[in-house]
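Please treat every number below as a calculation from the coordinates, not as lab data. In this text, all values refer to a predicted model and were calculated from it rather than measured experimentally. No Cβ is skipped: glycine too gets one built from the backbone with ideal geometry, and neighbour counts run over all protein chains shown.
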Amino acid sequence: MTLKELLTGALLQLDRGTDAQTLESWRDKLTRYLNDAMIDLTSELQPRRTDELTLKNGSLDLKALPRDVVKVLALVRGSTRLPFYYGVSTANLRVPAVEDGAVFVTYRYMPEPLRVDTDVPDLPEWCHGALISYAVGRERASGDTASLNAARACFELYNAAKRLMRANRGEMDAYEIQNR
């Protein structure tokens, strides 16, 4: 779902209109709530991706990756896993006794915040509904007593969805600890 679709879904649940003027007046507030939900879900899902970097002088610059790195999980060249350790700063990885060249870096990342209508949350699509529940709950939590009960229900839906999310969903069942 795009940001515009998420905003429209939240406005429909809040019984607000979805015309351009209403959408614009709610955009900043609901987008902030959606971004807060993405950050919260990131701790549960621990999203990861693999990108290619070039090893130069035994060092990798993690700032060259397309996402903000939370934790590097593995370095691979061909079918060989490479040992690594953090250098002087957390923005550099040191890779001892390996010649320069391309390596694949698997890492946990922080999703990019939503900003424009065409942005898609950098989380799996099956959790986008939970983002809407969170945003609606946050908005209803600022109302009267009846709204607070509705907010509580939204947060219960959000937390139920969050409990079902697993960081290792869709991965292999057997693991080997490496690079301890």
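Assorted remarks:
- Binning the C-alpha pair distances of the range 54-104 at 5 Å intervals from 0 yields a P(r) profile of 5, 21, 36, 27, 11, 1 %, listed from the shortest bin outward.
- Cα pair distances of the chain binned at 5 Å [whole percent]: 1, 7, 15, 16, 14, 12, 10, 9, 7, 5, 3, 1, 0
- Within the shell of other residues whose beta carbon sits under 11 angstrom from the beta carbon of residue 108, the net charge comes to +3, with Lys and Arg scored +1 and Asp and Glu -1.
- For the range 76-159, the list of GluC sites (Glu not before Pro) that fall in a loop by DSSP and count at most 16 other C-beta atoms within 10 angstrom reads 99.
- Proximal lysines to residue 71, defined as alpha-carbon separation beneath 23 angstrom and excluding residues fewer than eight positions away on the same chain: 56, 63, 162
- Taking label positions 7 Å along the Cα-Cβ direction at both residue 56 and residue 99, the computed distance is 1.9 nm, reported to one decimal.
- Compared with the dominant principal axis of the Cα atoms in the chain, helix 128-140 is inclined by about 50°.
- The angle separating the long axis of helix 3-13 from the principal Cα axis of greatest extent in the chain is about 30 degrees.
- Helical mean residue ellipticity (222 nm; -39500 (n - 2.57) per DSSP H run of 4+; nearest 500) of the chain: -13000 deg cm²/dmol
- Most mobile of 152, 108, 163 in a GNM of the chain (Cα contacts under 10 Å): 163
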